[in-house]
């Protein structure tokens with residue numbers, strides 16, 4: 001595993017991630033090494049079914065749990081000592097599996113003790129630790145990752161933060177929404193916008209397809225956007241009364257906006273390939289500039305299916321098309337794209 005790419009995924013989706021890597025690399029190579037963990041000797045791929053990725057630079061094996069923090073810190077120092085002036089953030093995580101989560105306490109302890117151990121090795125190096133990977137990325141710094149495999153074992157890596165697959169430890173982006181949100185779907189959209197790296201601004205015009213009862217619309221209205229919701233179902237009463245809200249109780253497939261909008265959002269429980277074709281039409285006709293959509297997954301051949309969806313969107317005219325099974329997603333993936 002040393003010097004290979006290590007990917008983590010939701011437990012139960014390991015084979016889908018392996019299939020996706022095989023499609024990207026046109027052959028074998030990717031393999032399961034533990035629940036939620038897949039290794040690949042090939043170059044990095046921005047996989048839909050990967051939550052986080054890291055190069056397995058160093059594999060640390062300590063004599064006991066008490067010695068693990070010192071061993072991990074020393075390994076990180078060796079990896080980063082050639083870039084001594086750069087700021088860096090620390091992510092310590094476990095694979096999101098029944099087995100991996102048993103060591104969450106070990107990860108929590110390491111996240112607290114490694115910075116103090118860093119100070120005992122090199123005070124100037126320790127002073128360059130920042131609070132988040134986003135800060136490190138914006139400063140042109142590094143992201144140090146520690147994947148805990150057990151009470152005395154961990155995989156250690158350091159890379160440019162701008163190249164990180166996720167800015168959240170292990171790719172687990174836990175979102176919170178206010179109590180007024182009418183459904184948990186609001187968390188899915190908050191995470192999607194965080195991953196996309198863009199979001200509607202005050203005054204932007206948005207269309208929300210499959211909107212009821214209003215989880216996504218709630219997030220958009222809170223950001224000051226104007227929202228046209230399309231769904232045969234009823235919206236939450238507080239949303240229905242909002243001054244920037246309009247509701248069409250009809251089919252999303254029959255909507256044609258009077259003029260182009262800034263954002264198209266879609267979270268429809270419908271045949272996913274038909275939904276993808278409809279979203280492609282919005283780009284082809286120039287009806288929206290940005291896209292965020294949730295696409296439901298089939299039971300089998302998920303990697304092939306995601307590729308078909310992305311190809312459909314690209315053929316329609318969407319650019320920079322990406323897909324990711326986010327932390328708050330379930331049997332679905334989130335896609336985002338720009339029209340230009």
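The values are calculated or read from the model by the stated rules, or taken from the named source; none is laboratory data. Nothing here was measured: the structure is a model prediction, and the numbers come from that model. Note that we place each Cβ from the backbone using ideal geometry, even for glycine, and neighbour counts take in every protein chain shown.
Quick notes on this structure:
- Filter result for residue 27 (free of Cβ contacts under 8 Å to residues at least 12 places away in the same chain, under 18 Å from residue 170 (Cβ atoms) and surrounded by fewer than 17 Cβ atoms within 10 Å (Cβ to Cβ)): no
- Residue in region 324-333 that is assigned to a strand (DSSP E or B) and in contact with a helix residue (DSSP H, G or I) (Cβ under 7 Å, 6 or more places away or on another chain) present: yes
- Residue in region 293-313 that is surrounded by fewer than 18 Cβ atoms within 10 Å (Cβ to Cβ), within 30 Å of residue 36 (Cα to Cα) and in contact with a strand residue (DSSP E or B) (Cβ under 8 Å, 6 or more places away or on another chain) present: yes
- Scanning region 148-173 for residues that are over 21 Å from residue 10 (Cβ atoms) and in a loop (DSSP other than H, G, I, E, B) gives 151, 152.
Matching residues to (1) in contact (Cβ under 8 Å) with a residue 24 or more places away in the chain; (2) under 26 Å from the mean Cα position of the chain (by Cα):
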residue: 250; (1), (2): no, no
residue: 259; (1), (2): no, no
residue: 264; (1), (2): yes, yes
residue: 269; (1), (2): yes, yes
residue: 273; (1), (2): yes, yes
residue: 303; (1), (2): yes, yes
residue: 312; (1), (2): yes, yes
residue: 330; (1), (2): no, yes
residue: 335; (1), (2): yes, yes
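- Residue 111 being surrounded by fewer than 22 Cβ atoms within 10 Å (Cβ to Cβ) and either within 23 Å of the chain's Cα centre (by Cα) or in a helix (DSSP H, G or I) (or both): yes
- Of the listed requirements (1) touching a residue at least 24 places away in the same chain (Cβ under 8 Å); (2) assigned to a helix (DSSP H, G or I); (3) at negative phi, residue 116 misses just one: (1).
- Filter result for residue 84 (at pLDDT below 95, over 24 Å from residue 38 (Cα atoms) and in contact with a helix residue (DSSP H, G or I) (Cβ under 9 Å, 6 or more places away or on another chain)): yes
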